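Since the structure comes first, as structure tokens, the remarks are kept for the end.
Every number in this text was worked out from the coordinates using simple rules, so none of it is lab data. Note that the structure is a prediction, hence the values are computed from the model and not measured. Cβ coordinates were reconstructed from backbone atoms using ideal geometry, including for glycine residues, and neighbour counts include every protein chain displayed.
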Amino acid sequence: MAADPKKPDVPARPEDAVSRPERERDRGVATRQRRKLKRPPKFKVILYNDDYTPMEFVVSLLEQVFKRGPSEATQLMLTIHRTGSGCAGVYVLEVAETKVASVHRMAERRGYPLRAGAEPE
Ligand code: TYC
């Protein structure tokens with residue numbers, strides 16, 4: 001087929017070289033697919049009470065791992081101590097699992113039986 005003199009075979013602007021949906025994605029324009037994306041599910045990190053882990057250790061762990069302030073960490077530790085468990089924080093799954101692993105690693109290093117777990121929010 002002969003080349004159409006009205007249609008240049010090299011695009012005048014670089015963005016004309018890609019399909020319309022690709023251009024929209026590049027510019028962050030909302031597409032049907034994008035609007036359907038949901039926020040990732042969140043998980044509570046639960047700390048469980050036990051009879052052996054020192055209160056001060058739980059408080060410092062709530063400060064270090066879960067970024068709680070000193071008085072908030074103390075209140076939360078006492079809630080866990082009295083009720084048997086409590087939510088230390090809410091995170092996406094990978095972060096929640098990392099926090100649980102940190103709790104277990106820090107407690108085991110000191111020989112404490114402190115347990116934590118992640119559960120859907
Ligand atoms: N019950 C522990 C004690 O009396 C304190 C404690 C609080 C342990 C919270 C674990 O998740 C916990 N020393």
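Miscellaneous remarks
- Some residue of region 104-114 being more than 12 Å from the ligand (Cβ to nearest atom) and under 17 Å from the mean Cα position of the chain (by Cα): no
- The test for being assigned to a strand (DSSP E or B) and surrounded by 15 or more Cβ atoms within 10 Å (Cβ to Cβ) holds for ALA118.
- Test: ALA107 is surrounded by 15 or more Cβ atoms within 10 Å (Cβ to Cβ), assigned to a helix (DSSP H, G or I), at negative phi and out of contact with any Asp or Glu (no Cβ under 9 Å at 6 or more places or on another chain): yes
- Residue that is free of Cβ contacts under 8 Å to residues at least 24 places away in the same chain and within 27 Å of ARG39 (Cβ to Cβ), where the choices are THR79, THR98, THR74: THR98
- Subset of region 76-103 (residues that are of a type in the set (Gly, Ala, Ser) and more than 14 Å from LEU114 (Cα to Cα)): GLY89, ALA96
- Every condition in (1) part of a helix (DSSP H, G or I); (2) touching a Ser or Thr at 6+ places or on another chain (Cβ under 7 Å) holds for TYR112 except the one numbered (1).
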